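Undergrad: Let me begin by handing over the structure; questions about it come next.
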Amino acid sequence: MNFNRRKKKVNTGLLQEIAVWAGEILLTILIAMTLVLSVGFCISVVGPSMSPTLENGEKILVNRIGYKLFDPKRNDLIVFLPNGNEKSHYYIKRVIALPGDRVQITEGTIYINGEPLEEKVAASAVENPLLAEDEIVIGEDEYFVLGDNRNNSEDSRYASIGNVKKEHIVGKAWCIVSPWSRFGLLK
């Protein structure tokens, strides 16, 4: 038996470096979580109304600060509570018409201020214009919204939704986070 074994020296420089890295990683995670929780939040897509842009069950991040600084623009994907009903699930729709615009849907075509809408997404012709069969004038701080799956969407054409007031808009749909195969920014 050898009681005079040498003690191994601990490399304090390496331990300090590991501690600094661990601290930086924790700080980065803390900052990221703070930003996500204060600027945005995550919701699940309910239903097929935004297909193919968004599919049922996908999780998206919502930027809730952007519309406090700026107004929604045509083609933005907005998240809102219909008529401000906090007991409802969040709706996600595309802004078609802005305050002061005139909207009418005739023979499957959407007209904004008398001109056919040039869409950024491939959407089918609207089979049932409902409220938009007659020209609708969008009020101040209101937006006319439609789902990308035009013929399977409860949107501004329905009396239960109608024009969306700015105060009922929660934020802008920003990024798909789940499933991982569809991860990416929304357009």
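Just so it is clear, none of the values below were taken in a lab; they were calculated from the coordinates. Just so we're clear, the structure is a prediction, and the values are computed from it rather than from any experiment. Cβ sites come from the backbone with ideal geometry, for glycine too, and all protein chains shown count toward neighbours.
Undergrad: For PRO179, indicate whether it is surrounded by fewer than 13 Cβ atoms within 10 Å (Cβ to Cβ) and over 26 Å from GLY40 (Cβ atoms). Give the steps one after another, and end with the answer.
TA: Values: surrounded by fewer than 13 Cβ atoms within 10 Å (Cβ to Cβ): yes; over 26 Å from GLY40 (Cβ atoms): no.
No, not satisfied.
Undergrad: OK, next. Consider the stretch 111-134. How many of its residues are surrounded by 14 or more Cβ atoms within 10 Å (Cβ to Cβ) and either among the β-branched types (Val, Ile, Thr) or touching a helix residue (DSSP H, G or I) at 6+ places or on another chain (Cβ under 6 Å) (or both)?
TA: 3
Undergrad: Quick one: is SER156 part of a loop (DSSP other than H, G, I, E, B), buried (at least 17 other Cβ atoms within 10 Å of the Cβ) and out of contact with any Asp or Glu (no Cβ under 8 Å at 6 or more places or on another chain)? Walk me through it before giving the result.
TA: Working: part of a loop (DSSP other than H, G, I, E, B): yes; buried (at least 17 other Cβ atoms within 10 Å of the Cβ): yes; out of contact with any Asp or Glu (no Cβ under 8 Å at 6 or more places or on another chain): yes.
In short, yes.
Undergrad: Could I ask something else about it? Name the residues in the stretch 56-110 that are of a type in the set (Phe, Trp, Tyr) and surrounded by 17 or more Cβ atoms within 10 Å (Cβ to Cβ), would you? Before you say what the answer is, go through the steps one by one.
TA: Narrowing the stretch 56-110 to residues of a type in the set (Phe, Trp, Tyr): 67, 70, 80, 90-91.
Correct list: TYR67, PHE80, TYR90, TYR91.
Matching residues to (1) without any contact (Cβ under 8 Å) to a residue 24 or more places away in the chain; (2) among the charged types (D, E, K, R):
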residue: LYS73; (1), (2): no, yes
residue: VAL79; (1), (2): no, no
residue: SER88; (1), (2): yes, no
residue: ARG102; (1), (2): no, yes
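Undergrad: Can you name the number of the only condition in (1) under 21 Å from SER51 (Cβ atoms); (2) in a loop (DSSP other than H, G, I, E, B) that PRO99 fails?
TA: (1)
Undergrad: Of all residues in the stretch 149-181, how many are under 14 Å from the mean Cα position of the chain (by Cα) and farther than 16 Å from TYR90 by Cβ?
TA: Residues meeting the conditions: 0.
Undergrad: Continuing with the same structure: Here are some conditions: (1) in contact (Cβ under 8 Å) with a residue 60 or more places away in the chain; (2) closer than 16 Å to SER51 by Cα. SER124 meets all but one. Which one does it not meet?
TA: (1)
Undergrad: To continue, here is another question. Examine the stretch 35-47 for a residue that is polar (S, T, N, Q) and more than 21 Å from HIS168 (Cα to Cα), and state whether such a residue exists.
TA: Among the residues of the stretch 35-47, not one is polar (S, T, N, Q) and more than 21 Å from HIS168 (Cα to Cα), which makes the answer no.
Undergrad: Name the pairs whose Cβ atoms lie under 7 Å apart, with the first residue in the stretch 171-187 and closer than 10 Å to ASP76 by Cβ, the second acidic (Asp, Glu) and surrounded by 11 or more Cβ atoms within 10 Å (Cβ to Cβ), and 6 or more positions between them or separate chains?
TA: LYS172/ASP76
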